[in-house]
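Remarks on the structure that follows.
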Amino acid sequence: MAAGGSLALLIGVWVFQALGYPPCKLCVYQRWPHGIAIVIGGLALLMPLAILALLGALAALVTAGIGLYHTGVERDWWEGPTTCTSGDISGLSPDQLMSQILDAPLIRCDEVSWQFLTLSMASWNALISLGLAAIWLYAWRLTPRP
């Protein structure tokens, strides 16, 4: 069920991307743990081992953490990676400023491109991923141990 949730989230972001919402660097980073959780879920169907449920929970918690970090960047709670956000331009020479403009990413991590109920996609990913981690942990509790 939790792996299916990760699959649903990935399909959702691919639909948004097809609708003209390209991902920033942090958005792409949030996708990788979901892919790993899907693989773990497939393995867990073949061999229900408790460690797989814990690994699935870890994958969900990693993407939730990246989502929370990304939310903080979007809300200006902290600065994001310099490869993903704009930097301070005070004290830059015209050549340095031009270089910063030319090196700037096309999709910035510190700008919200879509939101629902005042939460960005990064925030929704974090919340849903925390729920998926809870499902993984519940599966771990139910998994027989040798």
Pair list, Cβ under 6 Å, 6 or more apart: the stretch 40-51 residue touching a residue at least 24 places away in the same chain (Cβ under 8 Å) and surrounded by 12 or more Cβ atoms within 10 Å (Cβ to Cβ), other residue in a loop (DSSP other than H, G, I, E, B) and not hydrophobic (A, V, I, L, M, F, W, C): P48/T143; A50/T143; A50/R145
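Would you tally the residues in the stretch 1-19 being in a helix (DSSP H, G or I) and within 29 Å of W140 (Cα to Cα)? Full working, then the answer.
Residues of the stretch 1-19 that are in a helix (DSSP H, G or I), as a first pass: 2-18.
Keeping just the survivors that are within 29 Å of W140 (Cα to Cα) gives 2-13.
Here the count works out to 12.
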Can you find, within the stretch 20-67, the residue that is farthest from P144 (Cα to Cα) among those that are hydrophobic (A, V, I, L, M, F, W, C) and not in a helix (DSSP H, G or I)? C24
Subset tally (residues that are at pLDDT 80 or above and either closer than 21 Å to V13 by Cα or among the acidic types (D, E) (or both)) for the stretch 66-109: 12
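Sort out which residues of the stretch 68-78 are β-branched (V, I, T) and either under 21 Å from A134 (Cβ atoms) or outside any helix (DSSP H, G or I) (or both), and write them in order of number. Step through it out loud before you land on a result.
Of all residues in the stretch 68-78, those β-branched (V, I, T) come to 71, 73.
If the condition is that a residue be β-branched (V, I, T) and either under 21 Å from A134 (Cβ atoms) or outside any helix (DSSP H, G or I) (or both), then T71 is the only one that fits.
The values are calculated or read from the model by the stated rules, or taken from the named source; none is laboratory data. Keep in mind that this is a model prediction, so the values were computed, not measured. With ideal geometry, Cβ positions are generated from the backbone for all residues, glycine too; neighbour counts draw on all protein chains shown.
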